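Laboratory data are not the source of any read-out in this text; all were calculated from the coordinates shown. Owing to the predicted nature of the structure, the values given are computational and were not obtained by experimental measurement. Methodologically, a virtual Cβ is constructed for each residue, glycine included, from the backbone with ideal geometry; neighbour enumeration extends over all protein chains shown.
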Amino acid sequence: MTITGGMLGRAGMRWGVLLFILALVTALLVSVVVGTSSASDNSAEKTVIVPVAGMSCVSCAAAIKRSVKNLKGVSEIEVSLATRSMRVTYTPDVISPDRIVAAVNALGYQAGRPVAEK
């Protein structure tokens with residue numbers, strides 16, 4: 001066996017191991033995604049539009065988004081500086097719109113009454 005042949009053999013074996021690990025990780029991710037999507041029912045989520053006063057810059061909008069997104073039960077948030085509002089999708093069994101409003105108010109902004117999105 002030559003040095004080149006031995007090196008290629010070890011490299012080929014390493015690739016085989018890497019491909020095997022990649023296949024395992026892929027299978028794990030697929031099972032997690034399939035398990036999560038069947039466990040979470042998006043029809044149970046609700047979306048509200050909440051006006052926010054006091055938001056005057058991109059940093060303000062980013063702070064609100066970061067704070068609300070970290071609340072358990074909030075799955076999606078869009079903050080609009082142009083309309084001075086936020087659109088929040090949440091799970092009612094986990095969090096209420098009043099709790100979302102309270103989190104924004106705690107940052108020093110004035111969140112208005114949430115209105116259900118149609």
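You can think of it this way: the chain between T83 and R113 has 9.3 nm of extra reach, that is 0.36 nm per residue less the Cα-Cα gap.
How charged is the neighbourhood of V48? Take every other residue with its Cβ under 10 Å from the Cβ of V48, and add Lys/Arg as +1 and Asp/Glu as -1. Charge balance near V48 sits at +2. Counting charges near K65 (Lys, Arg +1; Asp, Glu -1) among other residues having Cβ under 15 Å from its Cβ returns a value of +2.
In this structure, R99 and C57 have a Cβ-Cβ separation that, at R0 = 35 Å, corresponds to a calculated FRET efficiency of about 0.90.
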